[in-house]
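Everything below concerns the one structure shown next.
The values are calculated or read from the model by the stated rules, or taken from the named source; none is laboratory data. This is a predicted model, so every value here is computed, not measured. For neighbour counting, all protein chains shown are included, and Cβ atoms are generated from backbone atoms with ideal geometry for every residue, glycine included.
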Amino acid sequence: MAQAVQTFDLVVLGGGSGGYACALRAAELGLSVALVEEAKLGGTCLHRGCIPTKALLHAGEVADAVRDSAQFGVDASFEQVDLRRVNSYKDGVVSRLYQGLQGLVKGRGITVVQGHGTLVAPTTVEVGGVRYEGSHAVLASGSVTKSLPGLELDGERVVSSWEAMQIEQVPGHAIVLGGGVIGVEFASAWRSFGAEVTIIEALPRLVAAEDVACSKVVERVFRKRGIAFKTSTAFSSVERTDSGVRVTVESGDTYDADLLLVAVGRGPNSAGLGYEDQGIEMDRGFVLTNERLQTNVSSVFAVGDLVPGMQLAHRGFQHGIFVAEDIAGLDPAPINESGIPRVTYCDPEVASVGLSEEKARERYGDDSVESLTYDLGGNGKSQILKTQGFVKLVRQKDGPVVGVHMVGARVGELIGEAQLICNWEAFPDDVAPLVHMHPTQNEALGEAHLALAGKPLHAHS
Ligand SMILES: Cc1cc2nc3c(=O)[nH]c(=O)nc-3n(C[C@H](O)[C@H](O)[C@H](O)COP(=O)(O)OP(=O)(O)OC[C@H]3O[C@@H](n4cnc5c(N)ncnc54)[C@H](O)[C@@H]3O)c2cc1C
């Protein structure tokens, strides 16, 4: 029985990237906000996703740098990766950011409600018998690990990314089911830590959501790094063995390992939260919204992974900011989802924004698309780093750049400029006169635009 009702301008259900960004912006705009969170503010990204995985990948990068130091004339001997200490470094990063976030939320006067919330009326969330009623509600309960039919995770040998980021010993051999973003990131980190890794992927290529040219480089470098992968290979079953797991694929081939990481995607976290009972339109657990992130119930909005589309933290942040501003009456322009940049932080990194060449050809027609690939071989800083890869531009013929695709060490850091170019619909001629610092990898972006504008410098015409 609900005992009390507290009222707010806005009640946000879920304190992850989408929910807390919405709460912060709404409070900044003078709205009273209740933010309901059952675990920790920061959600998947901060505690179970972006931040911890990138810390693991960085530790892997350090291990590789030590192993490969002789090629730079530096003699060092690699001894081991102590995952307990790696974890404490990783957890330290998370906990500092968590403290900072708690401080921010407190500083803006947001009422944080700790506990499991359910939507009991369109804009009312109940937590432990108390009702928090808003003029508006924002659903931000995020996503959870998906599995395949008949594939049960035991958290020990058959694990999700959450358990995978807490293991305390480098596995001798790990199988990663799924060659998408999460799968290749773990495969990359674990290989850097010294594990044998095999990726099993049903689609014909790794990082299949990216431009095919990027997949090719990732596959080539992974082969060189000793990461095994089987593409176009469908999982059939897994059994526990004395020493770990045996995975069988549809052809009947089997793979033995210490550990199976299931990285086949994430689904919406909405079951049992009362959304359907309140008449909110859903599709397979996702909350459907219009371009203003408003559900069919006009006072209820949804943000982040709960809304069909790319599951990325910065998309969640932007959703949250947008909804807060919309509710506050600022009438922000709808978010252009196709302009959201993406980075896969494996080694080599993949970074992209806009349309792949294939998608651009489908959209505009074969004759109306032009592409240019600038090899990082011509880029001084990339040579210094001894990395290979490219910057590929896709443009509408005589029109703007509609896609930028990059692969190679550290290219994730170049996506900021690339997304400005794409989202401001710049022509190659607009970018060509802009000066890029030398020697940086950024220059590769500048050079690619020079070349596409018909005036290549360090590239063959
Ligand atoms: C391993 C991994 C790596 C990733 N790496 C990246 C990356 O590098 N870059 C990137 O952009 N994205 C990355 N992501 C994706 C990113 O984490 C998500 O897109 C982002 O967290 C989505 O934010 P959200 O607010 O929609 O949901 P979430 O962050 O999942 O937040 C939802 C929150 O709601 C709370 N909640 C749910 N139900 C209730 C309830 N009933 N009552 C109270 N609270 C509730 C949860 O506890 C959670 O805190 C990664 C994800 C994973 C799993």
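Among residues of the stretch 25-47 being touching a residue at least 40 places away in the same chain (Cβ under 8 Å) and within 6 Å of the ligand (Cβ to nearest atom), the one that is farthest from residue 128 (Cα to Cα) is 45. Counting the residues of the stretch 198-231 that are assigned to a loop (DSSP other than H, G, I, E, B) and touching a Leu at 6+ places or on another chain (Cβ under 7 Å) gives 1. Scanning the stretch 238-248 finds no residues that are under 21 Å from residue 208 (Cβ atoms) and either surrounded by fewer than 21 Cβ atoms within 10 Å (Cβ to Cβ) or free of Cβ contacts under 8 Å to residues at least 60 places away in the same chain (or both).
Evaluated against (1) at positive phi; (2) outside the structural domain of residue 59 (by TED's automatic domain parsing), residue 129 falls short on exactly one condition, (2).
Checked against (1) closer than 27 Å to residue 343 by Cα; (2) free of Cβ contacts under 8 Å to residues at least 40 places away in the same chain, residue 174 passes all but a single condition, namely (2). For the stretch 197-221, a residue qualifies if it is touching a residue at least 60 places away in the same chain (Cβ under 8 Å) and over 22 Å from residue 404 (Cβ atoms), but none of them does.
Can you confirm whether residue 89 is farther than 23 Å from residue 195 by Cα and of a type outside the set (A, V, I, L, M, F, W, C)? It is false that residue 89 is farther than 23 Å from residue 195 by Cα and of a type outside the set (A, V, I, L, M, F, W, C).
Here is a list: 439, 433, 456. Which entry is farther than 21 Å from residue 359 by Cβ and at pLDDT below 95? Don't jump to the end; show me each part of the working.
Working: 439 fails: at pLDDT below 95; 433 fails: at pLDDT below 95.
Result: 456 is the single residue among 439, 433, 456 that is farther than 21 Å from residue 359 by Cβ and at pLDDT below 95.
Checked against (1) touching a strand residue (DSSP E or B) at 6+ places or on another chain (Cβ under 7 Å); (2) assigned to a helix (DSSP H, G or I); (3) more than 6 Å from the ligand (Cβ to nearest atom), residue 5 passes all but a single condition, namely (2).
Have a look at 305, 326, 331 and point out the one that is touching a residue at least 60 places away in the same chain (Cβ under 8 Å) and either surrounded by fewer than 22 Cβ atoms within 10 Å (Cβ to Cβ) or within 9 Å of the ligand (Cβ to nearest atom) (or both).
Working: 326 fails: touching a residue at least 60 places away in the same chain (Cβ under 8 Å); 331 fails: touching a residue at least 60 places away in the same chain (Cβ under 8 Å).
Result of the check over 305, 326, 331: 305.
When residue 84 is tested against (1) within 16 Å of the ligand (Cβ to nearest atom); (2) closer than 26 Å to residue 184 by Cα; (3) of a type in the set (Lys, Arg), only condition (1) is not met.
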